[in-house]
1. Could you work out the local net charge near Val17, counting Lys and Arg as +1, Asp and Glu as -1, over the other residues with Cβ closer than 15 Å to its Cβ?
2. What length, rounded to one decimal in nm, is gained on full extension from Met44 through to Phe21, with 0.36 nm per residue of separation minus their alpha-carbon distance?
Amino acid sequence: MILGLGVPELAVILVVVLVIFGPKNLPKMGAAIGKTVKNVRQGMEDDEPDVVEDPSVSRAEASEDDADA
């Protein structure tokens, strides 16, 4: 059972989707949904930490320190 749906319910849903979109468009839709899911997962797993700036140091001072190094 997937999401509380049995085999007969899933079969009816599949037939309705097939009638609405047609057999030629199903692979395109599946690919688009797969890409969307992949992009969402990558966005959620993005582990780049947020840069926290020290409010006591101005941006001008920070850029001068970088230029001196």
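Derivation of every value follows stated rules applied to the coordinates shown; laboratory data play no part. Keep in mind the model is a prediction, meaning the values are calculated, not measured. FYI the Cβ positions are ideal-geometry reconstructions off the backbone, even for glycines, and counts take in every protein chain you see.
1. On the way: positive: Lys24, Lys28; negative: Glu9.
Charge balance near Val17 sits at +1.
2. Numbers: separation 23, 0.36 × 23 = 8.28 nm, distance 3.03 nm.
Gain on extension, Met44 to Phe21, equals 5.3 nm.
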